[in-house]
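**Q** Would you mind keeping the following structure in view while I ask a few things?
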Amino acid sequence: MNFDFTAEQEMIRRTIREFAEEEVAPGALERDRKKEFPLEVFRKLADMGMMGLPFPEKYGGGGADTISFAIVTEELSRACASTGITYSAHISLGGAPLHLFGTEEQKQKFLVPICTGETFGAFGLTEPSAGSDAGGTRTTAVEENGEFVINGNKCFITNASYAKHLALTAVTGEKDGKKEISAIIVPTNSNGFTVINNYEKMGLNASNTTELVLEDVRVPIEHMLGKRGEGFKQFLVTLDGGRIGIGAMAVGIARAAYEKALQYAKERKQFGKSISQFQAIQFKLADMAMKIELARNMVYKAAWLKDQGRPFSKEASMCKLYASEISMEVTDQAVQIHGGYGYMKDYHVERYMRDAKLTEIGEGTSEVQRMVIARLIGC
Amino acid sequence: MNIFVLMKRTFDTEEKITISGGIINEDGAEFIINPYDEYAIEEAIQVRDAHGGEITVISVGNEESEKQVRTALAMGADKAVLINTEDDIENGDQFTTAKILAEYLKDKEVDLILAGNVAIDGGSGQVGPRVAELLNIPYVTTITKLEIDGSNVTVVRDVEGDSEIIETSLPLLVTAQQGLNEPRYPSLPGIMKAKKKPLDELELDDLDLEEEDIEAKTKTIEIYLPPKKEAGKVLEGEIADQVKELVRLLHTEAKVD
Ligand SMILES: Cc1cc2nc3c(=O)[nH]c(=O)nc-3n(C[C@H](O)[C@H](O)[C@H](O)COP(=O)(O)OP(=O)(O)OC[C@H]3O[C@@H](n4cnc5c(N)ncnc54)[C@H](O)[C@@H]3O)c2cc1C
Ligand SMILES: Cc1cc2nc3c(=O)[nH]c(=O)nc-3n(C[C@H](O)[C@H](O)[C@H](O)COP(=O)(O)OP(=O)(O)OC[C@H]3O[C@@H](n4cnc5c(N)ncnc54)[C@H](O)[C@@H]3O)c2cc1C
C-alpha cells in the first residue's frame with residue numbers, strides 16, 4: 001500500500017494547481033454570469049500539452065495516467081467547474097472512445113486533433129426520449145451506397161459547438177428482434193448537421209451544452225467506431241472512465257466550497273467571536289473535510305484500478321455516486337456557513353452549489369449508479 | 001552556448017510560516033523554486049532557444065531539492081546538478097553556497113550564468129555576485145532585459161525603479177529581477193520527460209572541498225517572526241486637540257525625538 005504520488009503526478013498537481021489559481025479562477029465568476037466559454041483557458045491548456053493527457057504520445061497525447069487525469073480535473077473544477085466538465089468531457093467522452101475503439105486511421109485523423117487541442121472532444125449519446133435508458137436510442141443510421149445516412153436528435157451534448165467531429169450512437173439495424181446500436185464518427189460541419197446552443201441552465205453556465213439535429217447527414221461507412229452493433233457496450237465502457245472524471249470534478253467543487261467556508265468562518269464574527277469558534281460550525285467543517293477526503297480516496301482508487309488494467313466499473317460508479325452526493329451536501333453547507341452572503345453571487349458558494357448538482361445527473365444519475373453497483377454486488 | 005542557472009529550493013513565503021526551537025518549521029511548509037530563480041530559468045530557456053546551446057541547472061541543497069530541480073528540467077532545462085550538502089554542512093551561509101558553486105563551475109566552459117536576484121527566504125542577494133567574483137567574470141544584478149549579440153551583451157538593470165543600460169560581454173553572470181520575463185508553466189510533455197533528463201548528484205567529496213574551506217562566515221544569533229501588526233489608533237475630537245495628541249504620542253510612544 002502506498003499513498004504517495006509519483007514524481008510526475010506530484011509535478012502535474014503543482015503545475016495545474018498554480019495554473020488553475022492564476023489563470024482559471026480569476027474569471028470564473030464573470031464567465032458564469034456572462035455564460036462565456038473559457039476558450040482562452042483551453043488555448044493555454046493546449047499549449048501546456050494537457051488536452052491529450054492520458055493518450056499515447058504517438059497521437060500527440062501526454063502519456064500520463066488516469067490518476068493524473070483525476071488530479072487535473074479536480075484542480076480545474078476547484079477553480080471553475082465549467083472548465084472542469086469541459087476538460088473531463090473532452091478527454092473521457094471525446095478522446096477515450098476513439099482511443100479505445102478507433103482504427104489506426106481513425107486515431108490519426110480524429111484523436112490527434114483532440115490531443116493537440118485543435119478541436120474539442122464530445123460524445124452524443126443522450127436523446128430527448130433516451131436518457132438513463134440510453135438503449136432507447138431513436139437516431140437511425142441507414143446504409144446507402146457505402147455511406148450512413150443519419151437522422152435523429154441528441155440533447156444535452158457537452159462541447160459540441162467547439163467540436164469538429166464527435167462520436168454518436170445510432171440504430172444501424174435489428175438483430176433477433178433487438179435494436180442494433182453502433183457508434184459513428186460524424187464531422188459537425190456535415191450537411192444536415194445542426195448544433196443548437198440554446199439551453200438556459202441552472203449551473204455550469206460557462207460550459208457548452210447543446211442539442212444536435214441530424215437530417216440526412218451522410219458519412220462514409222469507414223466512420224463506424226468499433227464493431228457494428230457494439231455501440232451500447234462501448235458507451236458503457238466509455239462511461240466507466242467518464243465517471244472517474246465526474247467524481248474528480250465533484251471533489252474539486254466540494255473542495256472549493258469547503259475552503260471558502262473555512263476561511264469565511266474564521267473571519268466572520270457574530271456574538272463577539274469568529275463563527276468558527278461555535279461547535280455547530282466546527283462540526284459542519286469537520287464533516288466537509290472528512291467527506292472530501294473520502295470521496296477523493298475513492299476517485300483515486302478507481303483511477304488506480306483502471307491504470308492497473310483491473311476491473312474498475314463498480315469503484316467508478318461508487319466514486320461518482322459518493323463524490324457527487326457529498327459535493328451537493330458540502331456546497332449546500334458552504335452556503336449555509338456564509339449566511340445571507342452565501343446567497344449572493346460575489347461569494348462564489350452559490351455557484352458551486354448550482355454547478356455541483358450536475359454531478360448527480362450527468363454520465364448516469366445517482367439512481368443509475370446505485371443500479372450499476374447493485375448489479376455488480378450480485379443483486 | 002553553455003548556460004548555467006543557479007537555483008535554490010525555498011519555502012513559499014506566501015504560506016504560513018511558523019518557528020519552533022529557533023528554526024523555521026519545515027513540516028507543513030510548501031517548498032518551491034525560489035521565484036527569482038524561475039525568471040533565471042525562463043531567461044535561460046529563451047536564450048538557448050534563440051542562440052542554441054545547453055542549460056545546466058545547479059542547486060546546492062539536500063535530497064528534497066530534487067523536486068525543484070526536476071521542475072526546472074520540466075520547464076525546459078537540459079540537465080541538472082544537485083550538490084547535496086545535507087551530511088556535510090550544518091550551518092552554511094552565502095559564502096558557503098557561493099564557494100561550492102564556484103568550485104563546481106571553475107573548470108567548466110561557462111558562457112552565461114543566470115541566478116535569481118535574491119532568494120526570498122534569506123534575502124541576502126549575495127550568492128550570484130560572490131560566484132562571479134570567485135570565477136573572476138563580470139556580473140550585473142537585478143536585470144530586467146538581456147540581449148546577446150555574439151559575445152556582446154546589453155543588459156537593462158533595475159535600480160530602485162529606474163533603469164540602467166549596461167554593455168558588457170560573455171562570459172557573464174546576471175541575476176534576474178521581476179519583470180525580466182513571464183516564467184512558463186512546465187508542460188505535460190516536459191513533466192513526463194523530466195525524469196529521463198540527466199541529473200548528477202554530487203557531494204562535497206566529489207568537489208575536492210573540505211568542510212573548513214566552506215565554513216560559514218556568519219553566525220545566526222536568533223530567528224523570530226516580525227511582530228504582529230497591531231490595530232491602528234483613530235484620534236478623535238477637535239482638530240487642534242488631535243494634533244496635540246498626535247505630537248504627544250509621537251514623543252511618548254513612537255519615541256521620536
Ligand atoms: C449539463 C449536462 C451535460 C451533459 N452532457 C452530456 C454529453 O456530453 N453527452 C451525452 O450523451 N449526454 C450528456 N448529458 C445527458 C445526461 O447524461 C442525462 O441527462 C442523464 O443521463 C439523465 O438522463 P435524462 O436527463 O433523460 O433523465 P431520465 O433518464 O429521464 O431520468 C429522470 C429521473 O428518473 C430516474 N430514473 C430513470 N430510470 C430509472 C430507473 N430505472 N430506476 C430508478 N430511477 C430511474 C433518474 O435517476 C432521474 O432521477 C448531459 C446532461 C447535462 C445536464
Ligand atoms: C434574500 C435575502 C433577503 C433578506 N431579507 C431581509 C430583510 O428583509 N430584513 C432583514 O433585516 N434581513 C434580511 N435578510 C438577512 C437575513 O435575515 C440574514 O442573512 C440572516 O439572519 C443571517 O445573518 P447573516 O447573513 O449575517 O449570517 P451570520 O449571522 O453571519 O451567520 C453565518 C453562519 O453562522 C451561523 N451562526 C451564527 N451565529 C451562530 C451561533 N451562535 N452558533 C452557531 N452558529 C451560528 C449561522 O447559522 C450561519 O450558518 C435577508 C437575507 C437574504 C439572503
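**Q** Under a 5 Å amide H to amide H cut-off, with H placed in plane at 1.01 Å, what residues pair with B:Asp93 once short-range neighbours are removed?
**A** B:Ala216, B:Lys217
**Q** Could you work out the mean count of beta carbons from other protein chains within 10 Å of each residue's beta carbon in A:11-23?
**A** Mean shielding by partner chains, rounded to a whole number: 3.
**Q** Report, ordered by chain and residue number, the lysines lying within cross-link reach of B:Lys197, taken as a straight Cα distance under 22 Å and ignoring same-chain residues fewer than 8 apart.
**A** Of all the lysines, those that pass the test against B:Lys197 - Cα under 22 Å, at least 8 places apart if same chain - are A:Lys58, B:Lys8, B:Lys67, B:Lys79, B:Lys108.
**Q** Moving to a separate point now. Going down the list A:Lys260/B:Lys219; A:Lys107/A:Lys306; A:Lys107/A:Lys175; B:Lys99/B:Lys196, which pairs span over 31 Å between their C-alpha atoms?
**A** Among A:Lys260/B:Lys219; A:Lys107/A:Lys306; A:Lys107/A:Lys175; B:Lys99/B:Lys196, the Cα-Cα distance tops 31 Å for A:Lys260/B:Lys219.
**Q** Excluding residues on the same chain fewer than 8 positions from A:Lys164, give the aspartates and glutamates whose Cα lies under 12 Å from its Cα.
**A** Excluding near neighbours in sequence, the set is A:Glu118.
**Q** How long are the semi-axes of the equivalent ellipsoid of chain A, defined as square roots of 5 times the Cα gyration tensor eigenvalues? Whole Å, largest first.
**A** 37, 21, 20
**Q** Whole angstrom only: what separates the Cα centroid of segment B:1-24 from the Cα centroid of segment A:119-135?
**A** 50 Å
**Q** So, in Å, what gap is there between the alpha-carbon centers of segment B:147-223 and segment A:186-220?
**A** Cα centroid to Cα centroid, the span is 52 Å.
**Q** With angles folded into 0 to 90 degrees, how steeply does helix B:35-51 sit against the dominant principal axis of chain B? Use alpha carbons for both and round to 10.
**A** With rounding to tens, the tilt is 30 degrees.
**Q** FRET efficiency for A:Lys233 and A:Glu57, Cβ-Cβ distance as r, R0 = 25 Å, nearest 0.05?
**A** Given R0 = 25 Å and the Cβ-Cβ separation, E is 0.35.
**Q** Average the reciprocal distances over every distinct pair of alpha-carbons in segment B:124-257, invert the result, and give the Kirkwood radius in Å.
**A** Computed over Cα pairs of segment B:124-257, the Kirkwood hydrodynamic radius comes out at 21.5 Å.
**Q** Now for a separate question. Per residue and in Å³, how big is the convex hull formed by the alpha-carbon atoms of chain B?
**A** Each residue corresponds to 192 Å³ of Cα convex hull volume.
**Q** Going by C-beta contacts inside 10 Å, put A:Phe123, B:Phe4 in order with the fewest on the left.
**A** B:Phe4, A:Phe123
**Q** Pairs A:Lys179/A:Lys227; A:Lys227/A:Lys357; A:Lys314/A:Lys357; A:Lys34/A:Lys357; A:Lys154/A:Lys178; B:Lys16/B:Lys228: which are spaced more than 24 Å apart, C-alpha to C-alpha?
**A** As for pairs spanning more than 24 Å Cα to Cα, those are A:Lys227/A:Lys357.
**Q** With a 10 Å Cβ neighbour count serving as the proxy for reagent exposure, in which order, fewest first, do B:Ile33, B:Ile221 appear?
**A** Least crowded to most crowded, the residues run B:Ile221, B:Ile33.
**Q** From Cα pairs below 8 angstrom and at least 6 apart in sequence, can you work out the relative contact order of chain A, rounded to a whole percent?
**A** Reported as a whole number, the value is 16 percent.
**Q** For segment A:302-354 and segment A:361-379, what is the separation of their C-alpha centers, rounded to whole Å?
**A** Taking the Cα centre of each part, segment A:302-354 and segment A:361-379 sit 17 Å apart.
**Q** Any aspartates and glutamates with Cα under 14 Å of the A:Lys284 Cα? List them, leaving off those in the same chain fewer than 8 positions away.
**A** A:Lys284 reaches A:Glu259, A:Glu329, A:Asp332.
**Q** Something else now. May I ask what percent, to the nearest 5, of DSSP beta bridges between residues of chain B are antiparallel?
**A** Antiparallel bridges: around 40 percent, rounded to the nearest 5.
**Q** Tell me the label-point distance for the pair B:Glu160, B:Val256, using the 7 Å Cα-to-Cβ offset, in nm and rounded to one decimal.
**A** It works out to 2.1 nm between the two label points.
**Q** Sticking with this structure for a sec: So for the protein assembly as shown, considering every pair of alpha-carbon atoms, how many percent are separated by more than 37 Å?
**A** For the protein assembly as shown, the share of Cα pairs beyond 37 Å comes to 48 percent.
Each value in this text was obtained by applying a stated rule to the coordinates, not by laboratory testing. Keep in mind it's a predicted model, so treat the numbers as computed, not measured. No Cβ is skipped: glycine too gets one built from the backbone with ideal geometry, and neighbour counts run over all protein chains shown.
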